[in-house]
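Okay, structure first, notes after.
The values are calculated or read from the model by the stated rules, or taken from the named source; none is laboratory data. All of these numbers come straight from a predicted model, not from anything done at the bench. Virtual Cβ from ideal backbone geometry, glycine too; neighbours counted across all protein chains shown. All accessible areas refer to the heavy atoms of the entire protein, side chains included, with ligands and DNA or RNA removed. Shrake-Rupley method; radii C 1.70, N 1.55, O 1.52, S 1.80 Å.
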Amino acid sequence: MGVDESAGDGPGGAASPSLGAYASRAEIALHGVYEVSKVLATPARLEATLSNVLGVLSSFMDMHHGIIALLNADGMADVAVGCGWTEETAKHNFKRIPERAVGQIVTTKMPVVIENISKSPLFSGWWEAEWGHSAAMVSFIGVPIKVQDNVIGTITLDRVWDRHATFGMDQDVRFLVMIANLVGQTVRLHDAVGRDRERLMNEQRRLEKELLQVVKTEHEPRSLTIIGESEAIRTVIDKIRIVARSHSTVLLRGESGTGKELFARATHDLSPRRDGPFVKVNCAALPETMLESELFGHEKGAFTGALGQRKGRFELADEGTLFLDEIGEISPAFQAKLLRVLQEGEFERVGGMKTIKVNVRLVTATNKNLEEAVAKGEFRADLYYRINVVSILLPPLRSRPEDIGPLAREFLRRFNDEHGTALRLGGQATRLLRECGFPGNVRELENCIRRTATLAKNQELAIDDFACRHGECLSATLWRGAAGPELFNILPLEARPLPQPAPPAEPDPLACPQAETCRSLTNEAHLEREQLVLAMEATGWVQAKAARLLKLTPRQIGYALRKHNIPIKKF
């Protein structure tokens, strides 16, 4: 370790401190390590984290300037961070690195301490450029950042000694070495995360490339596989056929689960760009920093983990269609960046200077009220007008119940193909599904069919397969009609029937082609009502007690009472 140990009262030659002074400095160092560890544990960009570490060091070591430099495989500085780091000041930090001193630290893998840098050959030229003709006495401390005995960077700082301050060089070096060890582990972790992220991105791109290579015949476009014969869905498809012929931006609006991605794909397949790529991005699934890299790409070394150049989704979608799902969730800062691309058709990769022009047809989707977001200032008005060229509203499933039957049969067919089964959907079960609201729309219907088919005991799915067992609905949230959230068939089968009530009136055979089925359903409803009344009377019309007796929840008892129009008796 290069240390100037001249005698005197300078920073390296102060009189031996007392035991109390050592204890005081040890406490300060321990507190400093604690504060630095908190900074390193806070999720942030690596450069910002290192800059905050220097901010902590400046308050504990009276430093004037400080630089944390990270080296690449060739031993050259790849990252240089100072206090208050920004992207604009990054280049200036590289110029402030004392290259000779850093070179000695890397070569010897040991700290370097200089009491007066104006007299050291390691700072020849650098001293004059950094400090001019100042008469100040400036000391220097530099320590290596190691990972498994490999030097991956350095922490260097200089400070002015005014002959009144007392510095304990040995204690400061030990403190700085501890900080360097913490920084080294943090950098190693960032590199590991960056490599994993790059590997996952490469795998994602490989899978997307395979999907793009799937050949679609011109006579059987994907859009014709949209299932639905209702007037609402036919109107949407006809509108998409017209819009697809142009290059205008399309905004798909509708509730979650209405199939916005499927209709975006139909817009692409029916357009002149059908032979080009169809690239999709879920804007809500990615943080802002990652979303910018995903859409615009990045250059090698643009940020920690950017191990190579990568094309963004805009480049991958050139001459094709880019689908941005959940566009209403992007931040206002990123909205401005996206607006420029939509207006000019050009952008730069993250960390790059080259302007790239693309020809992309944009299709966006959201379930958010963009007009309200614009009024609140959460969404830029100019971006809203840019993406809302042609707006298409996708109808919820409850507004087209006639499509529920064909959709349910299609989902069951897919389940059979995947599992080698031959399940069928009964007519009564189909009628039951058509009465359900399905607030989750097509996605919830598919989950309902798959869940029921997984638990089915017979080849034909009947009403009982969709009913509730032990107070838990096995077939999703089957909300009955639009009048209110009354759960269908709320009482469990195991709770039926303790009494032997009088038989109900016979149904009219002419009112139902399947008289036996109608009679069975009427009998079940009558038994449910009688059992519910008996339970309420046995518990003094206390709903909580009746719920425990029937192994239900008080909420389910309330639904059942309203379903059977049973008035509550009060005593």
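Can you check what the net charge comes to around Ile105, using other residues whose Cβ is under 13 Å from the Cβ of Ile105 (Lys, Arg +1; Asp, Glu -1)? With Lys, Arg at +1 and Asp, Glu at -1, the net is +2.
Across the range 254-267, rounded Karplus estimates of 3J(HN,Hα) from the backbone phi angles (6.51 cos²θ - 1.76 cosθ + 1.60, θ = phi - 60°) give x, 5, 5, x, 8, x, 5, 5, 5, 6, 5, 5, 5, 4 Hz, Gly and Pro being marked x.
For the peptides 408-419, 313-324, residues were scored by their other Cβ atoms within 10 Å and the scores averaged per peptide; the highest-first order is 313-324, 408-419.
Looking at the range 317-399, which trypsin sites (Lys or Arg not before Pro) are DSSP coil and have at most 13 other C-beta atoms within 10 Å of their C-beta? Answer by residue number: Lys354. Less than 5 angstrom separates the built amide H of Leu461 from those of Arg424, Leu425, Gly426, all sequence-distant by 5 or more or on a different chain. Please report the spacing between the Cα centers of the range 227-249 and the range 265-343 in Å, no decimals. About 25 Å separates the Cα centre of the range 227-249 from the one of the range 265-343. Partner lysines whose Cα lies under 16 Å from the Cα of Lys545, excluding those fewer than 8 positions away in the same chain, are identified as Lys569, Lys570.
The figure for Glu255 is an accessible area of roughly 70 square angstrom, using a 1.4 Å probe on the protein chains alone.
Checking the Cα-Cα distances for Lys209/Lys337; Lys300/Lys368; Lys109/Lys354; Lys91/Lys337; Lys38/Lys376 against a 29 Å cut-off, the pairs over it are Lys300/Lys368; Lys109/Lys354; Lys38/Lys376. Give me the percent of accessible area attributable to carbon and sulfur for the range 24-71, probe 1.4 angstrom. Summing carbon and sulfur atoms, their accessible area is 58 percent of the total for the range 24-71. Computed over Cα pairs, the Kirkwood radius of the range 249-314 leads via Stokes-Einstein (0.890 mPa s, 25 °C) to a diffusion coefficient of 174 µm² per second. Annotation for the range 26-115: GluC sites (Glu not before Pro) lying in DSSP loop with at most 14 further Cβ atoms inside 10 Å of their Cβ are Glu87, Glu88.
Per the Debye formula on identical point scatterers at the alpha carbon atoms of the range 316-362, with no solvent, log10 I(q)/I(0) at q = 0.14, 0.16, 0.30 Å⁻¹ is -0.37, -0.49, -1.24.
Each residue of the range 392-399 is assigned a 3J(HN,Hα), and the resulting list reads 10, 9, 8, x, x, 5, 5, 8 Hz, derived from the Karplus form 6.51 cos²θ - 1.76 cosθ + 1.60 (θ = phi - 60°), x at Gly and Pro.
Counted by Cβ distance under 10 Å from Asn388, the other residues give a net charge of +1, where Lys and Arg count +1 and Asp and Glu count -1. Net charge in the neighbourhood of Ser59 (other residues with Cβ under 14 Å of its Cβ; Lys, Arg +1, Asp, Glu -1) is -1. Amide H to amide H distances under 5 Å link Gly320 with Arg361, where only residues 5 or more positions off or on other chains count and H is placed in the peptide plane. Each peptide among 442-452, 240-250 gets the average number of other Cβ atoms lying within 10 Å of its residues, and from highest to lowest they stand as 442-452, 240-250.
Compactness ratio for the range 325-435: Cα radius of gyration over 2.2 N^0.38 Å (N = residue count) comes to 1.64. Applying both filters, DSSP loop and at most 14 other Cβ atoms within 10 Å, to the trypsin sites (Lys or Arg not before Pro) of the range 38-139 gives Arg45, Lys109. Counting only protein heavy atoms and a probe of 1.4 Å, the accessible surface of the range 224-340 is 52% carbon and sulfur.
An ellipsoid equivalent to the range 38-153, defined through the eigenvalues of its Cα gyration tensor, has semi-axes of 23, 18, 14 Å when rounded to whole angstrom and sorted largest first.
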